[in-house]
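Everything below concerns the one structure shown next.
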C-alpha cells in the first residue's frame with residue numbers, strides 16, 4: 001500500500017517539529033513552514049512519518065493512502 005503525507009497550510013503554525021522528526025521527507029521554507037515531498041513514502045520510512053504526524057502540535061499533518069493504490073489493490077477503478 002502506498003502512503004503520502006499531506007500538510008494543511010492553514011492549520012500549520014510553522015513550529016518545524018515535523019522536519020526535525022522526518023527530515024528525509026520534510027524540509028522547511030524560509031519562514032519555517034514545511035515543504036513535503038509529494039511522492040509515496042517508502043515502507044521503511046513510514047514509522048518516521050507516523051511519528052511526525054503524531055507530534056505536530058497543530059495537527060496539520062495527515063497520512064493518507066494513495067487512492068490509486070487502494071483501488072488497484074481492491075481490483076476496482078473509477079469511471
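The values are calculated or read from the model by the stated rules, or taken from the named source; none is laboratory data. Here the structure is a predicted model, which is why all the values come from computation and not from measurement. Here the Cβ positions follow ideal geometry from the backbone for every residue, glycine too, while neighbour counts run over all protein chains shown.
Assorted remarks:
- Number of positions in the range 11-37 that are over 9 Å from the mean Cα position of the chain (by Cα), touching a residue at least 12 places away in the same chain (Cβ under 8 Å) and either assigned to a loop (DSSP other than H, G, I, E, B) or exposed (fewer than 12 other Cβ atoms within 10 Å of the Cβ) (or both): 11
- Residue within the range 42-64 that is surrounded by 15 or more Cβ atoms within 10 Å (Cβ to Cβ), under 18 Å from residue 3 (Cα atoms), touching a residue at least 60 places away in the same chain (Cβ under 8 Å) and touching a strand residue (DSSP E or B) at 6+ places or on another chain (Cβ under 9 Å) present: yes
- Selection from the range 1-10 of residues that are loosely packed, with under 14 Cβ neighbours inside 10 Å and either touching a helix residue (DSSP H, G or I) at 6+ places or on another chain (Cβ under 9 Å) or not in a loop (DSSP other than H, G, I, E, B) (or both): 1, 6
- For the range 38-77, a residue qualifies if it is farther than 21 Å from residue 8 by Cβ, modelled with pLDDT under 95 and in a loop (DSSP other than H, G, I, E, B), and the qualifying residues are 75, 76, 77.
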